[in-house]
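In what follows, a structure is listed as structure tokens, so that the remarks can point back to it.
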Amino acid sequence: MGKLELLYRGSLKSCNYHCSYCPFSKHRVSGRELQRDKEQWEHFVQTVLERAKVLQIGAVMVTPYGEALLHSWYWEGMAQISQEEEIEVTGAQTNLSFSQEEALASYDRAGGDRKKLRLWATFHPEMISVQEFSKKCRKFCEEGILLCAGAVGVPAHMDILTDLRAELPEDIYLWVNRMDGLKRPYTDEETERFQKIDPYFIRELSGVPVAPKQCQNRLFIEADGGLRRCNISRNLKRDWEEMWNQYRSSFVQEDFSEVLCGRKYCSCYLAYGGRSDFINRLLFGPYPVFRIPRRAKAVFLDVEGTLIPRDSAGEGKVPAWIRVGLEGLNRDGVPLFFATTLPYQEAQKRCREIWYLFAGGIFAGGAHVVVEAFPSGAGGRRESVQEIEENCLSVIQEAGACFQCRILPYRYGGKLCKITMLRPRSAMWKEEERAEAEEVIRRAGFCGVRIFVEENCMQILPKGAAKEEGVRMICRWLHICPEEAAAAGDSKEDIKMMKICHGVIPDL
């Protein structure tokens with residue numbers, strides 16, 4: 001499990017904007033209410049700093065009902081949080097309606113680390129012009145602050161949001177949220193136009209089924225002690241301080257069934273975007289709730305257990321919420337590559353519905369590497385195939401009877417590139433059996449192979465074949481560094497690949 005991500009919502013329910021649809025613009029806040037909110041926030045900040053190392057808190061985000069960053073105490077608190085070595089990022093959801101000079105001065109005076117600051121900026125066309133909002137965003141970028149910008153996908157605002165996309169710097173991601181009050185589906189034309197503004201907009205239209213195990217590294221905390229997994233889930237407990245005291249010792253070991261959520265679908269970005277799903281982290285880095293794209297120059301993805309859940313029956317059963325994320329990456333011009341122990345033909349069969357999104361991949365565990373077409377259009381197909389000596393197959397076939405398994409040889413272009421010793425799922429391979437099989441092959445004089453186990457499959461590959469080597473090869477062909485790429489997988493065989501790509505390392 002990764003570091004803990006905290007979302008905080010104070011008691012503040014006021015805003016200086018007066019959007020027609022928003023109830024918080026109509027609330028006249030009193031000095032007493034502001035003082036109460038300030039005290040609650042300061043108490044929360046102190047509690048976070050006291051528990052940051054014990055709980056391994058990595059990120060803190062303020063998600064207020066109204067506009068919090070009008071008030072200096074939020075800037076001072078975020079600055080204090082940013083000083084804690086354990087915490088990697090902090091920030092807030094905001095309409096940017098405050099004085100930028102005064103806000104940053106408050107943050108700097110309190111010792112804030114600007115490299116850790118993130119802003120989720122919301123555009124309100126009733127209250128601010130495209131030019132003024134864009135100017136504010138540019139100013140923060142010039143000050144070294146990372147931010148995203150976005151708005152609700154109101155069809156009547158389509159032209160305004162198109163103008164905003166053109167006005168903003170290209171490296172600021174402009175997201176579009178689904179309009180909850182639309183009371184009808186978006187038309188195909190509306191969807192297409194919003195996708196031109198936000199390549200990931202279609203994720204807003206795809207229901208994401210709840211997955212409680214993907215929510216273990218986050219908590220949504222309210223000033224009155226309410227504790228949830230996210231902003232729309234059911235309360236877990238009222239006393240969040242008591243819960244935090246128990247968090248690492250017992251809470252994370254509970255059975256995370258739907259009772260801790262109470263929802264069937266994650267229906268807004270704070271819900272589905274804050275999960276630890278690999279697709280979220282590929283799109284938006286280790287803390288995707290801030291919605292700032294990672295912008296990898298290439299993405300490498302395992303198939304079984306990653307693109308296709310291990311309990312998925314049939315061919316090409318890639319879940320919709322994963323598929324639309326891949327489509328967003330493709331629209332954003334990011335080249336996608338498979339990284340799988342499946343042979344080329346089998347991967348094509350399993351992933352046929354998304355095959356067109358990919359530019360090639362690493363197949364047969366790294367024995368076969370191919371780029372079908374280079375993203376820049378410069379250069380055609382490029383391919384590398386490593387092979388196992390043919391005589392090795394007969395040795396393995398003889399050993400197969402002793403180990404009670406089927407022998408599946410895989411060839412590509414006439415070359416033997418992988419051999420699988422397959423057992424029923426009821427008879428998984430043990431480490432001592434792998435070592436015994438390896439010794440049989442070595443005694444026969446075949447040293448040019450690599451052997452590893454994946455559940456009921458013992459895989460025999462050419463010695464130099466590995467996913468991480470395939471990543472390095474494709475990155476050389478693309479003239480990029482592996483560190484500029486991203487990768488995801490779910491097995492020990494994927495770990496080295498993900499480490500060189502700064503990927504999402506699984507808990508194994």
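The values are calculated or read from the model by the stated rules, or taken from the named source; none is laboratory data. Everything numeric in this text was worked out from a predicted model, so none of it was measured. All Cβ positions, even for glycine, are placed from backbone atoms using ideal geometry, and neighbour counts span all protein chains on display. Accessible surface areas use protein heavy atoms only, side chains included; no ligands, DNA or RNA. Shrake-Rupley method; radii C 1.70, N 1.55, O 1.52, S 1.80 Å.
Figures for the structure shown
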item: Neighbours by Cβ (under 6 Å, 6+ apart or cross-chain): first from the stretch 209-233, charged (D, E, K, R); second open to solvent by less than 10 Å² (accessible area, probe 1.4 Å); result: ARG218/GLU5; ARG218/GLY274; ARG228/PHE220
item: Subset of the stretch 16-50 that is among the polar types (S, T, N, Q) and modelled with pLDDT of 80 or more - its residue that is least open to solvent (accessible area, probe 1.4 Å); result: THR47
item: Leading residue by the ranking (nearest to the chain's Cα centre (by Cα)) among those in the stretch 141-154 that are buried (at least 16 other Cβ atoms within 10 Å of the Cβ) and not in a strand (DSSP E or B); result: ILE145
item: Test: residue in the stretch 385-397 that is under 21 Å from ALA347 (Cβ atoms) and modelled with pLDDT under 90; result: no
item: Filter pass, ALA110 being aliphatic (A, V, I, L, M) and under 24 Å from ALA271 (Cα atoms); result: no
item: Some residue of the stretch 445-452 being open to solvent by 40 Å² or more (accessible area, probe 1.4 Å) and over 23 Å from VAL370 (Cβ atoms); result: yes
item: Matching residues, the stretch 402-415, being part of a strand (DSSP E or B) and over 19 Å from GLY464 (Cα atoms); result: ARG406, ILE407, LEU408
item: Residue in the stretch 323-344 that is over 19 Å from MET498 (Cβ atoms) and among the hydrophobic types (A, V, I, L, M, F, W, C) present; result: yes
item: Whichever residue in the stretch 72-96 is open to solvent by less than 10 Å² (accessible area, probe 1.4 Å) and of a type in the set (Ser, Thr, Tyr) and, among such residues, is farthest from GLY150 (Cα to Cα); result: SER82
item: Test: residue in the stretch 54-66 that is over 19 Å from PRO286 (Cβ atoms), without any contact (Cβ under 8 Å) to a residue 40 or more places away in the chain and within 27 Å of the chain's Cα centre (by Cα); result: no
item: Yes/no for LEU69 being part of a loop (DSSP other than H, G, I, E, B), open to solvent by less than 10 Å² (accessible area, probe 1.4 Å) and either of a type in the set (A, V, I, L, M) or closer than 30 Å to LYS183 by Cβ (or both); result: yes
item: Scope the stretch 453-469; condition in contact with a Phe, Trp or Tyr (Cβ under 8 Å, 6 or more places away or on another chain), open to solvent by less than 10 Å² (accessible area, probe 1.4 Å) and farther than 17 Å from ALA399 by Cβ; matching residues; result: LYS467
item: Search result, residues across the stretch 97-137 that are within 26 Å of the chain's Cα centre (by Cα) and either acidic (Asp, Glu) or surrounded by 14 or more Cβ atoms within 10 Å (Cβ to Cβ) (or both); result: ASP113, ARG114, LYS116, LEU117, ARG118, LEU119, TRP120, ALA121, THR122, PHE123, CYS137
item: Qualifying residue in the stretch 168-181 (condition: buried (at least 16 other Cβ atoms within 10 Å of the Cβ), touching a residue at least 12 places away in the same chain (Cβ under 8 Å) and over 27 Å from the mean Cα position of the chain (by Cα)); result: no
